[in-house]
1. Sequence-distant or interchain residues sharing an amide H contact under 5 Å with Val100, placed H: which?
2. Just subtract the alpha-carbon distance of Ala212 and Asp129 from 0.36 nm times their residue separation and send over the number in nm, one decimal.
3. Amide H neighbours of Lys174 under 5 Å, counting only residues 5+ apart in sequence or on other chains, H built in-plane at 1.01 Å?
4. Calculate, for Glu221 and Asp163, the FRET efficiency according to 1/(1 + (r/R0)^6) with r their C-beta to C-beta distance and R0 25 Å; round to the nearest 0.05.
5. Report, to the nearest whole %, how much of the accessible area of the chain belongs to carbon and sulfur atoms, 1.4 Å probe, protein only.
6. Quick one: of Lys76/Lys180; Lys93/Lys180; Lys78/Lys180; Lys76/Lys154, which pairs are farther than 20 Å apart, Cα to Cα?
7. Just to confirm a number: summing +1 for Lys and Arg and -1 for Asp and Glu over residues other than Phe73 whose beta-carbon lies under 13 angstrom from that of Phe73, what do you get?
8. Suppose all protein chains stay in the model; what accessible area per residue would a 1.4 Å probe give for the chain, in Å²?
Amino acid sequence: MTAALRVTDEVFARFPDAVLGVAVARGIDNTGDGAPLAGPLRREEERVRAALAGVQIAEHPRIAPWREAYRQFGAKPKDHPSSIENLVRRVLKGWSVPHVNPLVDLYNTLSLRHLLPVGGEDLDQVRGDVLLALATDREAPVRLLGEPEARPPKPGEVIYKDDLGTLCRRWNWKEAERTKLTAETRNAVLVIEGLPPAGRDLVERAADELAALIREHCGGEVQVARIDREHPSAPLA
């Protein structure tokens, strides 16, 4: 049976208008020094700085819905900002997004361009289906990027997980070390997330742009799908 990414009924019960754009990339080359991608990333940083100068970030229509979602599952946005809020705030402070590898550079560029959370996992490190689900009190501890110790998710928070454990905590707050994208990644899934007012059209357009950029800079084959309440899963093959 083909593995899939699936959003559970419990998540859609709480967030019925959530939309995910899913790009599955196979046979890619994720090496490189980032030089070809630095220009577009710097341009998006400058555009965000100009467009959001003087704006109350917490009230921005692409940021505020994530703050409210985090509150709903018991996370304080001030202490645990969504990935898009964290990225935007750092850029507005003058921070330049560092080169990691081509896939990460590309998804950071798209995240800034559309002000949407974007993340990715190495499919060769994933086991079984990937679920976007509510954490239970039986989740195994997980070591997140940049953290020295493994800790379990809090019951009720939204997480991505597979058969082995959590892939990302607090929806899109921080990803696990185990499935991070690296220069050795050859097969990957990248996910773009939208909550109203960001809807299906925007998420689909962003996913198509991301897929085209992956083909251009990393090669391989890329398939795009949409997940919403009517279509709760997408294949990972």
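1. Answer set, sorted by chain and number: Asp105.
2. Values: separation 83, 0.36 × 83 = 29.88 nm, distance 2.51 nm.
Answer, rounded to one decimal: 27.4 nm.
3. Those lying under 5 Å, H to H, from Lys174 are Arg169.
4. On the way: r = 25 Å, r/R0 = 0.99.
According to the calculation, E is roughly 0.50.
5. Numbers: 5330 of 10880 Å².
Ligands and nucleic acids excluded, carbon and sulfur give 49 percent.
6. Values: Lys76/Lys180 25 Å; Lys93/Lys180 26 Å; Lys78/Lys180 25 Å; Lys76/Lys154 13 Å.
Correct reply: Lys76/Lys180; Lys93/Lys180; Lys78/Lys180.
7. Details: positive: Arg14, Arg67, Arg71, Lys76, Lys154, Arg169, Arg170; negative: Glu10, Glu68, Glu157.
Spelling it out: positives minus negatives among the neighbours equals +4.
8. Numbers: 10880 Å² over 237 residues.
With the other protein chains kept in place, the chain gives 46 Å² per residue.
The values are calculated or read from the model by the stated rules, or taken from the named source; none is laboratory data. Owing to the predicted nature of the structure, the values given are computational and were not obtained by experimental measurement. We place every Cβ from the backbone using ideal geometry, glycine too, and count neighbours over all the protein chains shown. We work out accessible area using only protein heavy atoms, side chains counted, and drop any ligands, DNA or RNA first. Shrake-Rupley method; radii C 1.70, N 1.55, O 1.52, S 1.80 Å.
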